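Everything on this sheet refers to the single structure shown next.
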Amino acid sequence: METVVHLRRARDLMDSRYADPLDLDAMASEAGFSRYHFAREFRNTFGETPGGYLSRRRVERAKELLASANLTVTEICMVVGFTSLGSFSRRFTELVGCPPTEYRRRMVARGGPPPIPGCFAMAWGRPLPAIADKHPGEPPP
C-alpha cells in the first residue's frame, strides 16, 4: 500500500506539470524509486507506462485547447509539452481516433463557446510570480 502512495506522488507531479519536460528520472525521484523499479511498479499499478500516462494527460489538455483556444496546432503541441509535432499528431490520433486538425474541425462544427484568444491561453499556462512576500508599493525584483 505504501508503494501506491509514492507512485501517486509521481502521478500528481505528471498531472500538475504535464507541460514541463519531465523524464523518467524526475518522475522516479518524486516517487523515491530507481527509474527501473518505478517504471515497473507504475505500469503494474496504473496499467500503463509513465510515459504513456504523461502523453495521455498532454493529449487530454490539447483536446481542451483545440476546442476552445485560438492557437495553431503547433502552438498547442508545444504548450502541452510535446517537443515534436509529428509525435504529438501520432499520439493524438492514436488516442482520439483522428488528427488534431480534424478534431478541431469537428469541435468548431458543433459550435460552443467562442475561442479563447491565443495570448490569453498562453499567459494562463505560465506560472504567476509569488506576491505573498511583497508589500504594497514595493518594486518587483
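Points worth noting:
- Qualifying positions in region 73-92 - among the β-branched types (Val, Ile, Thr), exposed (fewer than 14 other Cβ atoms within 10 Å of the Cβ) and outside any helix (DSSP H, G or I): THR83
- Residue in region 23-34 that is surrounded by fewer than 16 Cβ atoms within 10 Å (Cβ to Cβ), under 19 Å from the mean Cα position of the chain (by Cα) and among the acidic types (Asp, Glu) present: yes
- The set of residues from region 1-14 being surrounded by 13 or more Cβ atoms within 10 Å (Cβ to Cβ) and either under 15 Å from ALA62 (Cα atoms) or in contact (Cβ under 8 Å) with a residue 40 or more places away in the chain (or both) comprises THR3, ALA10, ARG11, MET14.
- Close pairs from region 64-88: first within 13 Å of TYR103 (Cβ to Cβ), partner modelled with pLDDT of 95 or more and outside any helix (DSSP H, G or I), Cβ under 6 Å, at least 6 apart: PHE88/PHE82
- For region 12-26, residues that are part of a helix (DSSP H, G or I) and over 11 Å from PHE38 (Cα atoms) total 5.
- Any hit, region 116-133, residues being on the phi > 0 side of the Ramachandran plot and modelled with pLDDT of 60 or more: no
- ARG61 without any contact (Cβ under 8 Å) to a residue 60 or more places away in the chain, more than 18 Å from the chain's Cα centre (by Cα) and not assigned by TED's automatic domain parsing to the domain that holds TYR18: no
The values are calculated or read from the model by the stated rules, or taken from the named source; none is laboratory data. Model, not experiment: these values are computed from the prediction. As a convention, Cβ positions derive from the backbone with ideal geometry for all residues, glycine included, and neighbour counts pool all protein chains shown.
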